[in-house]
Amino acid sequence: MEEREFQFLYQDGDGFHFMNMESYDQIAVAEGVIGDQSVYLQPEMKVRLSVHEGVAVGIVLPPRVSLEVTETEPATKGQTASSSYKPAVLSNGVRTSVPPHIVPGTRIVVSTEDGSYVERAKD
């Protein structure tokens, strides 16, 4: 079993395609290996794949990704950033909770482990 850095290229009917960053070889990874984490894959994202005899058996995504908020409710009067969060939908379709000051179009950083809000993106 070896673990190497790969770059995500694209998804098609055969699965998720990654490129080895050292040899430039490509590997297709079955959807079952990626699982629920597939919503966080972004083009050119670098991940770590565990490969056994040429077949990917595990994946480790970066701990955080930047995504855009596409929908959220307006903040209600008297709501403060420290007291409560409001529901939001991200550009990858994932639902999360964000502070009241976040509006649609804002890029935020979320945890790939549980989809939770981390901070406002600096990009």
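Count, please, the residues in segment 24-36 that happen to be open to solvent by 90 Å² or more (accessible area, probe 1.4 Å), on the phi < 0 side of the Ramachandran plot and part of a loop (DSSP other than H, G, I, E, B). Explain how you work it out, then say what you get.
Our first condition is that a residue be open to solvent by 90 Å² or more (accessible area, probe 1.4 Å); within segment 24-36, this holds for 24-26, 31, 36.
Now narrow it down to the ones that are on the phi < 0 side of the Ramachandran plot: 25-26, 31, 36.
Filter once more, keeping what is part of a loop (DSSP other than H, G, I, E, B): 25.
Result for segment 24-36: 1.
Do you know which residues across segment 9-23 are assigned to a strand (DSSP E or B), open to solvent by 20 Å² or more (accessible area, probe 1.4 Å) and of a type in the set (A, V, I, L, M, F, W, C)?
Result: Leu9, Met19.
The values are calculated or read from the model by the stated rules, or taken from the named source; none is laboratory data. Owing to the predicted nature of the structure, the values given are computational and were not obtained by experimental measurement. Accessible surface areas use protein heavy atoms only, side chains included; no ligands, DNA or RNA. Shrake-Rupley method; radii C 1.70, N 1.55, O 1.52, S 1.80 Å.
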